[in-house]
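J.: Can you read through this structure? Questions will come right after.
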Amino acid sequence: MKKKIMSTILAAAMTGALLMGCSGSTGASGSAAGEAAAGEEAAAAENAESAGDSTEASEGDAAGGVSEAVADGELTVGTNAEFPPFEFVGDDGEPDGFDVALIKAIGEKMGVTVTIENMEFDSLVASIGSKVDVSIAGMTVTDERKQSVDFSDPYYDAVQYVLVPSDSAIASADDLVGKTIGTQLGTTGDFIAEEIENATDQQYNKAVDAVNDLVNGRLDLVIIDKNPALVFQEKFADKLKALDGADFGFEPEQYAIAMPKGDTALADAINGALKEIKDDGTFDKLVNQYIEQ
Ligand code: ARG
């Protein structure tokens, strides 16, 4: 089972046959149906509002307990399926991975349908509250992002890793000075690389493209989260090695679901569902299913 999933992850990671950009909707619906659904959503939101006795709207309604975002029974979730094992495009062309399975389990507990929208990582935060209700994308909680979105309770610990060619002498922070570093645009790895003295931060929309350039000798290293680094190391076992970012002074990170600011009803529902999933063993089951230990 795990083997099968790992090979799917690797295949998906390397094909580059990934759904990207604005046409990247991976919901069951085509665009016409999508528009119809959007219309329904608006109608449902209106109903929800007129049913209530106040005009409290998108700021959320802790007392009422129902978030407008899911009043239509649908939770639209943004991700960037370029980040195995947390999200990748499966053999069937649909987003899969730990985060996708987790948010579907959360949706089930909340009694809503989950629709996944695959988009570029760098546009996820800005899309919350407009294109999507929430985002799950191995997204690290940062103070800067907190200015635009709220985060759920954290669900996974992470740290940035350093991927280098197997024969590289890079081993400590000092060795990063002046190097050419590949990162995925808008990620914490990108932000770290920007700060490294005299280094060139080469930004890619897809992490896999950075990894391919590393393998082809165009980069000295790639900075990427631990678990994706381990997946890529396994894929290129003879060519790459993954080094723990803690040895480079990189700070611990935590992943959480990004949500619209101030929608406490939605936050409560998501955090409640997440807690249930942890308590009933579903969470550990998904970790075992998707994440190589
Ligand atoms: N944890 C890093 C960040 O939040 C990288 C996340 C990249 N995720 C993805 N699905 N591409 O910036």
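J.: About the Cα centre of region 63-132, how large is the charge dipole given +1 on each Lys and Arg Cβ and -1 on each Asp and Glu Cβ? Please answer in debye to the nearest 20.
T.: About 340 debye.
J.: On to the next question. Pairs to check: K109/K131; K226/K275; K109/K275; K146/K275; K104/K226; K146/K261. Give those whose C-alpha atoms are more than 18 Å from each other in this structure.
T.: Going by Cα-Cα distance, K109/K131; K226/K275; K146/K275; K104/K226 fall outside the 18 Å limit.
J.: At a Förster radius of 30 Å, what calculated FRET efficiency corresponds to the Cβ-Cβ distance of E108 and K146, to the nearest 0.05?
T.: It comes out at approximately 0.60.
J.: Next up: How about K285: which aspartates and glutamates have a C-alpha closer than 18 Å to its C-alpha, ignoring those fewer than 8 places off in the same chain?
T.: E87, D96, D99, E108, D157, E276
J.: Do any GluC sites (Glu not before Pro) in region 191-251 lie in a loop, going by DSSP, with at most 15 other beta-carbon atoms within 10 Å of their beta carbon, and if so which?
T.: E197
J.: Let me know the charge dipole size of region 173-266 about its Cα centre in debye, to the nearest 20, where only the beta-carbon of Lys, Arg (+1) and Asp, Glu (-1) is charged.
T.: 400 debye
J.: Report the residues of region 230-248 in range of a label on S172: point 7 Å along Cα→C-beta, backbone N strictly under 16 Å from it.
T.: The answer is 244-248.
J.: Something else about it: How long is region 122-190 along each principal axis, judged by its Cα atoms, biggest number first, in Å?
T.: Reported extents, whole Å, longest axis first: 45, 22, 20.
J.: Taking the beta-carbon count within 10 Å as an exposure proxy, list D284, D209, D225 from fewest neighbours to most.
T.: D284, D209, D225
J.: First check a/c for region 153-215, with a ≥ b ≥ c the square roots of the eigenvalues of its C-alpha gyration tensor; if it is under 1.5, answer rounded, and if not, answer prolate when a/b is larger than b/c or oblate otherwise.
T.: rounded
J.: Among S152, S127, S67, S166, what is the fewest-to-most ranking by other Cβ atoms within 10 Å?
T.: Fewest-to-most Cβ neighbours within 10 Å comes out as S166, S127, S152, S67.
J.: Given +1 on the Cβ of Lys and Arg, -1 on the Cβ of Asp and Glu, and no further charges, what dipole in debye does region 135-293 carry about its Cα centre, rounded to the nearest 20?
T.: Charge dipole, region 135-293, about its Cα centre: 440 debye, nearest 20.
J.: At E197 and T264, where each label point lies 7 Å from the Cα along Cα→Cβ, what is the point-to-point distance in nanometres?
T.: Computed distance between label sites E197 and T264 equals 4.8 nm.
Quick note: the coordinates plus some simple rules give every number you see, no bench work behind them. Every value quoted in this text rests on a predicted model; they were computed, and no experiment measured them. Quick reminder, even Gly has a Cβ in these numbers, built from the backbone with ideal geometry, and neighbours come from all protein chains shown.
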